[in-house]
Amino acid sequence: MYQYIVLSYILIILLVGCGKRESGYDGKDQTENNIQTTTISTPSIMCGMCVSTIKKTVSAVEGVYDVEVDLQKKITTVKFNRTKVDITTLEKFISDAGYDANETPRNRESYNSLPDCCKDGK
């Protein structure tokens, strides 16, 4: 009987421990009300390197949980904590990387530093 009780406790502990969400959230200030997903128009992206640059840049912003860049549609979808970052800040980071973001024009100096494959000639 004692073994049955011990095994039951171990099973419960394993089930509870394995049931943790592995979604990338750290559990702090992340109620569903704080999570927002937005789509940013990134019309100046040209190639896979542009996609990588934007993903790396935006992923580094505190409060960003996920970044997806669609080269064909020329959009960037960002999932973020709106108590830590806002859309204007996300646009600014993309702009500072050398790309247009919604109505925020690219930073010209950053654009000039991009590889030729990432330049649209504008």
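The values are calculated or read from the model by the stated rules, or taken from the named source; none is laboratory data. Keep in mind that what you see is a predicted model, and the values were worked out from it rather than measured. Heads up, the Cβs are rebuilt from the backbone with ideal geometry, glycines too, and the neighbour counts pull from every protein chain shown.
Okay, here's what the table says:
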{"quantity": "Evaluation of VAL51 against (1) touching a residue at least 24 places away in the same chain (Cβ under 8 Å); (2) among the aliphatic types (A, V, I, L, M); (3) out of contact with any Phe, Trp or Tyr (no Cβ under 6 Å at 6 or more places or on another chain) (one fails), failing number", "calculated": "(1)"}
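Yes/no matrix, rows are residues, columns are (1) modelled with pLDDT under 95; (2) in a helix (DSSP H, G or I); (3) surrounded by 20 or more Cβ atoms within 10 Å (Cβ to Cβ):
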{"site": "VAL61", "(1), (2), (3)": "no, no, no"}
{"site": "ASP66", "(1), (2), (3)": "no, no, no"}
{"site": "LYS73", "(1), (2), (3)": "no, no, no"}
{"site": "LYS79", "(1), (2), (3)": "no, no, no"}
{"site": "THR88", "(1), (2), (3)": "no, yes, no"}
{"site": "ILE94", "(1), (2), (3)": "no, yes, yes"}
{"site": "TYR99", "(1), (2), (3)": "no, no, yes"}
{"site": "CYS117", "(1), (2), (3)": "yes, yes, no"}
{"site": "GLY121", "(1), (2), (3)": "yes, no, no"}
